[in-house]
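The structure appears below as structure tokens.
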Amino acid sequence: MTHPCKVQLRDFSIKDVEIAKKIAKDFGAEIEGLDLYFDDVNTARIFISKLKKFSKFKVKMSTEYIGKKKILFVYSLRGEAKSR
């Protein structure tokens, strides 16, 4: 069973956002502003691991209900360098 996932990019430099979006496209993510949507949470976790090679950030995970039984996993990635 797959679970959809949203990855939020917050406080990233413009350069790091562009890197993240390029990597996300390789994983088939939908991009809406600074939010990346993945079909499966496991794909999002692999994306986050790969992104760690290029950028420093803190990760927080939460869940949202998008129906009676469907859960949306949400990863908030907060960049450490606000003014690069």
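Among the lysines, which have Cα under 19 Å from the Cα of LYS25 when same-chain residues fewer than 8 positions away are ignored? Cross-link targets: LYS6, LYS15, LYS50, LYS52, LYS53.
Ordering VAL74, VAL59 from the fewest to the most neighbouring beta carbons within 10 Å gives VAL59, VAL74. Descending by average beta-carbon neighbour count within 10 Å, the peptides 64-71, 31-38 line up as 31-38, 64-71, the highest first. From the coordinates of this entry, Rg/Rh (Cα atoms, Kirkwood Rh) is computed, and it appears in (1) 1.49; (2) 0.93; (3) 0.97 under the label (3). In the chain, taking the dipole from charged Cβ atoms about the Cα centre, the farthest positive-side position among SER62, MET1, ILE31 is held by SER62. Report, to the nearest 10°, how far helix 41-51 tilts away from the longest principal axis of the Cα atoms in the chain, using its own Cα long axis and a range of 0 to 90°. Roughly 10 degrees, rounded to the nearest 10. Among beta bridges from DSSP that stay inside the chain, the antiparallel ones total about 75%.
Result for the chain in a Gaussian network model with C-alpha springs under 10 Å: among PHE27, PHE12, PHE54, the largest mean-square fluctuation is at PHE54. Taking the longest Cα principal axis of the chain as reference, the axis of helix 14-26 is set at about 40 degrees.
Secondary-structure-derived ellipticity at 222 nm for the chain, considering helices only, amounts to -9000 deg cm²/dmol, per-run term -39500 (n - 2.57) for DSSP H runs with n ≥ 4.
Which aspartates and glutamates have a Cα less than 19 Å from the Cα of LYS58, not counting those fewer than 8 places away in the same chain? Partners within reach: ASP11, ASP16, GLU18, ASP35, GLU80. Basic side chains Lys and Arg get +1 at the Cβ, acidic Asp and Glu get -1 at the Cβ, and with that the dipole of the chain about its Cα centre reaches some 340 debye.
Here, each number is a calculation from the coordinates, and none is a lab measurement. Note that the coordinates shown come from a computational prediction; the quantities given were computed from them, not determined experimentally. Don't worry about glycine lacking a Cβ; one is built from the backbone with ideal geometry, like all the others, and counts go over all protein chains shown.
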